[in-house]
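The values are calculated or read from the model by the stated rules, or taken from the named source; none is laboratory data. No experiment lies behind these values; they were computed from the predicted model shown. Don't worry about glycine lacking a Cβ; one is built from the backbone with ideal geometry, like all the others, and counts go over all protein chains shown.
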Amino acid sequence: MAWVVLVLSGLLEAGWALSLKESHGFTRLWPSVGFVVMLAASMAGLAFALRSLPVGSAYAVWVGIGAVTTAVLAMVLLDEPATIVKIVSILLIVAGVAGLNLSGGGHA
């Protein structure tokens, strides 16, 4: 259950990051509200997951999911350039998170 909550929290991290961008410095109401709600939910989910998961692996998974999802959605939805360097970097983030979990650090 902790892993499911952690993955959902990582996706919410991407949501609050994109909402922050769309809030234009908190000058637009609904993206600002979305940011606050998703930030709080993402942190609450991370806190819940950390009750039973090791902090190093759990935090890496949370940040990795958020970073990868944010980068991909920014390329798809916000027309950020999808360069080969960016795509390889995203794959390296995924490989790093997987490596941490395969090293035994991801099991409670």
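Do we have S57 as in a helix (DSSP H, G or I) and at negative phi here?
So S57 fits the description; yes.
State yes or no: is S42 surrounded by 19 or more Cβ atoms within 10 Å (Cβ to Cβ), of a type in the set (G, A, S), at pLDDT 95 or above and over 24 Å from L102 (Cα atoms)?
When the stated conditions are applied, S42 passes them.
Out of segment 30-46, which residues are under 14 Å from the mean Cα position of the chain (by Cα), farther than 24 Å from V94 by Cβ and among the small types (G, A, S)?
A40, A44
Show the residue pairs that are 6+ apart or on different chains and have beta-carbon atoms under 9 Å apart, the first residue being within segment 76-91 and free of Cβ contacts under 8 Å to residues at least 12 places away in the same chain and within 20 Å of L18 (Cα to Cα), the second being outside any helix (DSSP H, G or I) and of a type in the set (A, V, I, L, M, F, W, C).
V76/A82
Test A14 against the criterion of being closer than 26 Å to V76 by Cβ and in contact with a Ser or Thr (Cβ under 9 Å, 6 or more places away or on another chain), and give yes or no.
yes
Output the number of the condition that T27 fails; it satisfies all remaining conditions of (1) of a type in the set (S, T, N, Q); (2) under 11 Å from the mean Cα position of the chain (by Cα); (3) exposed (fewer than 13 other Cβ atoms within 10 Å of the Cβ).
The single condition T27 does not satisfy is (2).
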